[in-house]
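Student: So that we are looking at the same thing, I have put the structure below in structure tokens.
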Amino acid sequence: MSVRADVNIASLEASGTLIVNTTSIDRVLGTVNLAANTFMLDVTGKIQVLEVIKVEASFRIVIGQEDGQEFWSIDIDLSLDFFGIARLSGDFYLDSTGILG
């Protein structure tokens with residue numbers, strides 16, 4: 001799925017993947033191996049305001065099972081560009097085992 005919108009002062013581009021496996025067996029969808037009883041949402045996007053402020057971000061959430069245990073994870077990446085002279089970026093990761101990164 002993808003979306004693109006343009007207005008006079010800003011533009012937005014986004015694309016993503018939503019995969020849900022509600023069965024009790026692992027499935028292969030294209031090149032993606034999806035474990036049984038799993039949900040995955042993966043979104044990437046870009047916003048530009050007046051072509052001088054640019055924001056790029058990606059977000060991924062997975063809920064399912066790993067080694068027979070319930071598992072979830074959230075992964076976020078963000079990058080901001082101000083006037084082409086300053087750039088700020090960061091990432092965030094958290095999962096149900098307590099890993100924070």
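Each reported figure results from applying straightforward, stated rules to the coordinates on display, with no laboratory input. All values reported here derive from a predicted model rather than from experimental measurement. Heads up, the Cβs are rebuilt from the backbone with ideal geometry, glycines too, and the neighbour counts pull from every protein chain shown.
Student: Rg/Rh for the range 2-95 to two decimals, with Rh computed the Kirkwood way over all alpha-carbon pairs.
Tutor: Taking Rg over the Kirkwood Rh, I get 1.11.
Student: Going highest first, how would you order 6-15, 56-65 by mean Cβ packing within 10 Å?
Tutor: 56-65, 6-15
Student: Go ahead and set up a Gaussian network model of the chain, Cα springs under 10 Å, then flag whichever of Gly84, Gly16, Gly68 fluctuates most.
Tutor: Its mean-square fluctuation being the largest, the pick is Gly68.
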